[in-house]
């Protein structure tokens with residue numbers, strides 16, 4: 001068992017995010033032609049990524065990926081951490097590596113030398129602030145157990161796994177390797193379910209992962225109901241309480257519910273003057289929560305930190321905070 005020097009090490013997709021505004025009509029057209037699902041993530045191939053990118057309005061391009069966005073928020077809170085994710089040895093990969101290291105995070109995964117290019121996620125934001133994601137995973141799905149840095153994981157209080165990465169068998173094996181390395185050192189494993197369609201595709205594998213390897217589970221209401229095949233939220237909550245030590249379930253404007261055994265903690269949503277873009281809301285909730293947890297805060301405070309971080313990110317375009325969350329948390333705590 002090792003004494004941790006880092007708060008969180010995340011394992012997830014290393015992607016470049018491209019965000020732009022889109023009309024409801026455009027989403028409807030793309031749904032009819034290509035099956036694009038509003039408010040969810042659709043996997044696309046390289047050709048579709050190129051074609052869709054050409055149709056998008058000018059927007060913002062930034063290093064992304066769900067777990068990487070969480071780690072950006074975690075670092076903004078003042079946490080120390082690392083990231084494990086596969087990029088290609090190309091220009092976009094170099095941009096991703098530079099960006100994540102600039103945050104003060106450890107990132108040493110060997111780039112893919114031959115094969116798929118660095119992945120990217122094309123995010124369309126409709127006037128109701130919903131984000132519709134179209135993801136070309138590229139090199140990120142080539143992550144294998146060989147990329148799991150057990151020495152880095154041994155340094156972290158929590159190893160955080162991104163559900164979006166769960167589409168390839170070798171990535172599933174990498175998750176198990178990361179979880180086993182964390183538990184071998186007496187540390188916690190957290191998982192975010194990421195998307196209800198992702199859960200639908202891999203429900204049985206996710207259930208095995210949750211039951212056997214996960215201590216802390218992050219999900220939204222739709223994802224947790226999908227995982228346990230429950231139509232009623234309370235029934236899904238009852239199911240999850242039997243499987244993990246802690247679960248943090250976000251419910252949009254209803255806030256969140258933190259479950260730990262028989263304990264139920266309701267977290268109010270933090271007020272937001274205008275919701276601009278919901279991209280990254282769940283990622284930043286996890287960032288705030290994990291920061292509180294690794295700092296030894298009680299679960300109610302962890303949930304409040306998550307709500308504050310989520311509120312910041314939905315007030316502007318983009319999946320990462322634009323202000324230093326450490327200052328925001330301090331300001332809110334003093335209020």
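The values are calculated or read from the model by the stated rules, or taken from the named source; none is laboratory data. Since the model is a prediction, treat every value here as computed from it, not as a measurement. Cβ placement follows ideal geometry from the backbone for every residue including glycine, while neighbour counts extend to all protein chains displayed.
Set side by side, the residues 32, 14, 72 differ, and just one is over 17 Å from the mean Cα position of the chain (by Cα) and at pLDDT 90 or above, which is 32. Residue selection: residue 101 satisfies the criterion of being within 29 Å of residue 316 (Cβ to Cβ) and surrounded by fewer than 20 Cβ atoms within 10 Å (Cβ to Cβ). Filtering the range 203-231 to residues that are over 16 Å from residue 242 (Cβ atoms), touching a residue at least 12 places away in the same chain (Cβ under 8 Å) and surrounded by fewer than 17 Cβ atoms within 10 Å (Cβ to Cβ) leaves 203, 205. Residue under question is residue 193, and the condition is that it be at pLDDT 90 or above, in contact with a helix residue (DSSP H, G or I) (Cβ under 6 Å, 6 or more places away or on another chain), surrounded by 20 or more Cβ atoms within 10 Å (Cβ to Cβ) and more than 20 Å from residue 86 (Cβ to Cβ); does it hold? So residue 193 fits the description; yes. Of the residues 66, 40, 20, the single one that is under 23 Å from the mean Cα position of the chain (by Cα) and crowded, with 23+ Cβ neighbours inside 10 Å is 66. Output the number of residues of the range 127-154 satisfying the condition of being part of a loop (DSSP other than H, G, I, E, B), crowded, with 22+ Cβ neighbours inside 10 Å and in contact with a strand residue (DSSP E or B) (Cβ under 7 Å, 6 or more places away or on another chain). Adding up the residues that qualify gives 1.
On inspection, residue 55 does not qualify as in contact with a helix residue (DSSP H, G or I) (Cβ under 6 Å, 6 or more places away or on another chain) and farther than 30 Å from residue 214 by Cα. Would you be able to say whether some residue in the range 262-273 is closer than 24 Å to residue 10 by Cα, touching a helix residue (DSSP H, G or I) at 6+ places or on another chain (Cβ under 8 Å) and modelled with pLDDT of 90 or more? No, the conditions are met nowhere in the range 262-273.
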